[in-house]
Every structure is written in structure tokens, then in C-alpha cells.
Amino acid sequence: TMNVEHEVNLLAEEIRRLGTKNADGQVSVKFGVLFADEKCANLFEALVGTLKAAKRRKVVSYQGELLLQGVHDNVDIVLLQD
């Protein structure tokens, strides 16, 4: 079974690695950057699923429900907790 907590923690680490601080001092990264990153591609079998799980746990926030590569490359994924 997949350890969702672990995946969500890894995701938070990757957002910190790839993201930049926004005006509110929160780390944010574009979905396209996350999706295109080779390390992320190797880490996450289902990046979108992990993002949804992280959003449900209030670890990240982003607009919309389902993120699709290409269509949503410019959507900001904001890390809510550090």
C-alpha cells in the first residue's frame, strides 16, 4: 500500500526545492514546473493524486480540482504549512 502521509511530505519537500516565496511568504510553484521535474517524475507515480491528497489534508492549495499537464501548467500550487 502507498503511504499517503509519506508521499505528501515528499511533495512538500519538492515544492520547497522547486518553488519560490510569494508575497505572503508562502512557498509556491507552478504545476508545470513540478510536473516537468525529473526528480518528481521518478518520485511520484501519480503526482496529481498526491496533490489531491495534500490538498485534502490542507498541506497545499491550488485552484480547481483536477490538474492536467499542459492545460494547468501555470496554476500555482501553494504550500500552506512549513
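Under a 5 Å amide H cut-off, with hydrogens placed 1.01 Å from N, V60 pairs with K55, L80 among residues at least 5 apart or on other chains. Label-to-label distance, N74 versus R16, with points set 7 angstrom from Cα along the beta-carbon direction: 3.0 nm. Note that segment 47-58 has calculated 3J(HN,Hα) couplings of 4, 5, x, 5, 4, 4, 5, 5, 5, 4, 8, 6 Hz, one per residue in order, obtained from phi through the Karplus relation 6.51 cos²θ - 1.76 cosθ + 1.60 (θ = phi - 60°); glycine and proline are x.
Counting charges near T50 (Lys, Arg +1; Asp, Glu -1) among other residues having Cβ under 14 Å from its Cβ returns a value of -1. A cut-off of 5 Å between modelled amide H atoms, ignoring neighbours fewer than 5 places along the same chain, links V27 with N22, L79. Semi-axes of the equivalent ellipsoid of the chain are 17, 15, 12 Å, computed as sqrt(5λ) over the eigenvalues of the C-alpha gyration tensor in descending order.
Applying 0.36 nm per residue to the separation of S61 and E45 and subtracting their alpha-carbon distance, the gain on full extension is 3.7 nm.
Of the solvent-accessible surface of the chain, computed with a 1.4 Å probe and all protein chains present, 49% belongs to carbon and sulfur.
The residues of the chain present an accessible area of 62 Å² per residue when probed at 1.4 Å with all protein chains retained. Dividing the summed helix terms, -39500 (n - 2.57) for each DSSP H run of n ≥ 4, by the number of residues in the chain produces a 222 nm estimate of -13000 deg cm²/dmol to the nearest 500.
The values are calculated or read from the model by the stated rules, or taken from the named source; none is laboratory data. For clarity, every value in this text was computed on a predicted model and none was experimentally measured. Glycine gets a Cβ as well: all are built from the backbone with ideal geometry, and neighbour counts include every protein chain shown. Side chains are part of the model used for accessible areas, which takes the heavy atoms of the whole protein and leaves out ligands, DNA and RNA. Shrake-Rupley method; radii C 1.70, N 1.55, O 1.52, S 1.80 Å.
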